[in-house]
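See structure below.
The values are calculated or read from the model by the stated rules, or taken from the named source; none is laboratory data. Just so it is clear, the model here is predicted, and its values are computed rather than measured. Positions of Cβ are generated from backbone atoms using ideal geometry, with glycine treated the same way; all protein chains shown enter the neighbour counts.
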Amino acid sequence: MSDIIQLLPDHVANQIAAGEVVQRPASVVKELLENAIDAGATNIKLLIKDAGKTLIQVIDDGKGMSTTDARMSFERHATSKIQKAEDLFNLNTKGFRGEALASIAAIAHVELKTKPKGEELGTCIKIEGSKIISQDFISTGEGTSLAVKNLFYNIPARRNFLKSDTVETRHIIDEFQRVALAHSSISFLLHHNNNEVYHLKSGNLRQRIVAVFGTKMNEKLVPIDEKTDIVAIEGFVAKPEFSKRKRGEQFFFVNNRFIKSSYLNHAVVSAFDGLLEQGSHPSYFLYLQVPANTIDINIHPTKTEIKFDNEKALYAMLRATVKHSLGQYNVAPVLDFNR
Ligand code: ADP
Ligand code: MG
């Protein structure tokens, strides 16, 4: 029998990887925002057209890239964030797979403009379907702009399966909010079809939550603050009377990364025991800081699920801390009656 196995060409491999990394415009938003944060940006702009179907652009004032790095950034498994396998278990960056830009460039028209600090000229690279169309020196500001146009232009099946603009915009706003909530010291701007949707100024956690969800949120928040050897927990839970029928504002951040965890959610919900109406869900914004070497982030392509070494202890800590804070808040109004 003759041999039939071949290595796939790079652009095909990239397109396959893209299938995992990029489900919809919001996935691109997440990857680009995270890259801007990893680059140390303090101001990040997100510009969207037509729910991201026409344009997704992120402009940052981060550290920028050299000309060679700008080109390398589109190679698969090319990253500045880790060097060796052990680094996977001590991550301090959002990214580490080196796959996002290669994947996005395989299925869209991409334009990168970037300039590191102190350089005279920056670099502009245009790339379509993994093919470099042009590369030029340009004059541009410090930092990076990455524009992604016509997502899925070469995968009609994926493009046709995108949902309505309303639904895709909702997904984008969800991702934007998660990133913005995780980084209150960074200022963020979101424009959709040239209209300003959010302008979030740098501030503390409470200010950021209120800026995202509206001033009414301010009176609802009960602060949480606890620190032990294995975890520091900060943030807020909403007072029980503001719990919701719809599971809405429930946010866990671990080392400033938004994650989903039904296990930790259970810890929080059980701390509310007896305080919630049947069928209603508490809102919470909880920020956990744990040593980077006690979690595994590399278990899910979108990195929204992680594995904890000390899961049980975390559960107990979280539950006790939330319960304690709710208890303090509940006691306060009674004391107030003793005028
Ligand atoms: P990862 O983030 O996993 O490293 P990406 O494909 O998202 O992989 O990016 C590849 C590399 O390109 C990054 O490691 C980083 O060095 C560089 N890069 C991407 N976006 C930016 C940016 N906004 N500013 C500076 N460098 C960037
Ligand atoms: Mg990345």
Going through segment 52-99 one residue at a time, which ones are within 11 Å of ligand 1 (Cβ to nearest atom), of a type in the set (Asp, Glu) and outside any loop (DSSP other than H, G, I, E, B)?
-> 60, 69
Could you identify the single residue in 103, 73 that is modelled with pLDDT of 95 or more, in the same structural domain as residue 25 (by TED's automatic domain parsing), out of contact with any Leu (no Cβ under 8 Å at 6 or more places or on another chain) and of a type in the set (Gly, Ala, Ser)?
-> 103
Select, from 253, 236, the only residue that is in contact (Cβ under 8 Å) with a residue 60 or more places away in the chain and touching a helix residue (DSSP H, G or I) at 6+ places or on another chain (Cβ under 8 Å).
-> 253
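Among the residues of segment 8-20, is there at least one that is more than 10 Å from ligand 1 (Cβ to nearest atom), of a type in the set (S, T, N, Q), under 20 Å from the mean Cα position of the chain (by Cα) and not assigned by TED's automatic domain parsing to the domain that holds residue 307? Steps first, please.
Step one: filter segment 8-20 for residues more than 10 Å from ligand 1 (Cβ to nearest atom), giving 8-20.
Now narrow it down to the ones that are of a type in the set (S, T, N, Q): 14-15.
So of that shortlist, the ones also under 20 Å from the mean Cα position of the chain (by Cα) come out as none.
Within segment 8-20, none of the residues are more than 10 Å from ligand 1 (Cβ to nearest atom), of a type in the set (S, T, N, Q), under 20 Å from the mean Cα position of the chain (by Cα) and not assigned by TED's automatic domain parsing to the domain that holds residue 307.
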Sole exception among (1) closer than 25 Å to residue 77 by Cβ; (2) in a loop (DSSP other than H, G, I, E, B); (3) more than 15 Å from ligand 2 (Cβ to nearest atom) for residue 4, by number | (1)
Those residues that are more than 18 Å from the chain's Cα centre (by Cα) and surrounded by 13 or more Cβ atoms within 10 Å (Cβ to Cβ), I need them from segment 148-162; list them, please.
-> 149, 150, 151, 152, 153, 154, 155, 158, 159, 162
Residue in segment 77-120 that is nearest to ligand 2 (Cβ to nearest atom), counting only those that are farther than 25 Å from residue 308 by Cβ and among the acidic types (Asp, Glu) | 111
Expected single match for away from ligand 2 (no atom under 16 Å from the Cβ), among the aliphatic types (A, V, I, L, M) and crowded, with 24+ Cβ neighbours inside 10 Å among 56, 48 is 48
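To keep it simple, each residue is scored yes or no on (1) of a type outside the set (Gly, Ala, Ser); (2) assigned to a loop (DSSP other than H, G, I, E, B); (3) loosely packed, with under 15 Cβ neighbours inside 10 Å.
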{"site": "278", "(1), (2), (3)": "yes, yes, yes"}
{"site": "285", "(1), (2), (3)": "yes, no, no"}
{"site": "288", "(1), (2), (3)": "yes, no, no"}
{"site": "293", "(1), (2), (3)": "yes, no, yes"}
{"site": "305", "(1), (2), (3)": "yes, yes, yes"}
{"site": "317", "(1), (2), (3)": "yes, no, no"}
Odd one out for residue 248, checked against (1) farther than 22 Å from residue 179 by Cβ; (2) among the small types (Gly, Ala, Ser); (3) surrounded by fewer than 16 Cβ atoms within 10 Å (Cβ to Cβ) = (1)
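Residues checked against (1) within 21 Å of residue 48 (Cα to Cα); (2) touching a residue at least 60 places away in the same chain (Cβ under 8 Å):
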| site | (1), (2) |
| --- | --- |
| 100 | yes, yes |
| 109 | yes, no |
| 132 | no, yes |
| 162 | yes, yes |
| 168 | yes, yes |
Scan segment 120-154 residue by residue and report those that are more than 12 Å from ligand 1 (Cβ to nearest atom), closer than 14 Å to residue 68 by Cα, touching a helix residue (DSSP H, G or I) at 6+ places or on another chain (Cβ under 9 Å) and not hydrophobic (A, V, I, L, M, F, W, C).
-> 135
For segment 239-273, the count of residues that are part of a strand (DSSP E or B) and farther than 22 Å from residue 185 by Cα equals 1
